[in-house]
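Asks: Just passing along the structure, written as structure tokens.
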Amino acid sequence: MTKLMHSIPWTLALSLAAQAGESEAGKYSSTDNMTVKESVIETKVVKDKAYYESRYPDMPVADLRRAMKKKAVVLVDANGSDSWKEGRLPGALDFEGSGSNLEALLPADKNALIVAYCGGPGCRAWNRAADRLEALGYTNVRHYKGGLQEWKKSGRALEKG
């Protein structure tokens, strides 16, 4: 299909693009300067966000700090190895750097509390880590939504190196 006529409402074009599949969405245009491809991707991100937030509940910072103090949590930093070296929550594992060795670094207890995090509320890097943890059989995976952004803003120390 070629570009749709601009007289077609973008919602109809979005529906057509969604039916055609995300890879086809770039072929359509909209009347509000947002391509249907962008609309489909935005809709997918919102869906993914809702999916991940329902599957991996947020761990509020106060609860996270209590669990860290009790040494009752494993933290998984999903920001990438360079960021991990620059600064991470104390004791956090480097998801990217762990590679295929991740499971060996995690507790044998598949019900252990594991919290994945990334840069902050807008960052989605933690999704991949959470999915991998679940695939490894971990059943108590949570997300620290505030991530490094909230941690640093509140003046809490980062571990470096």
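FYI, it's all coordinate maths here, none of it is from the lab. Since the structure is predicted, the reported quantities are computational estimates derived from the model, not experimental observations. So basically every Cβ, Gly included, is an ideal-geometry build from the backbone, and we count neighbours across all protein chains shown.
Asks: Suppose a student asked you for the relative contact order of the range 74-161, using Cα pairs under 8 Å spaced at least 6 residues apart; what percent would you report? Before the final figure, lay out each step's value.
Replies: Numbers: 151 pairs, mean separation 32.4, N = 88.
Computed value for the range 74-161: 37 percent relative contact order.
Asks: So if we plug the beta-carbon distance of Ala108 and Lys152 into 1/(1 + (r/R0)^6) with R0 = 35 Å, what FRET efficiency do we get, rounded to 0.05?
Replies: On the way: r = 32 Å, r/R0 = 0.93.
After rounding, the FRET efficiency stands at 0.60.
Asks: Also: Label Met68 and Glu86 with points 7 Å out from Cα along Cα→Cβ: what is the distance between them in nm?
Replies: Calculated label separation equals 1.9 nm.
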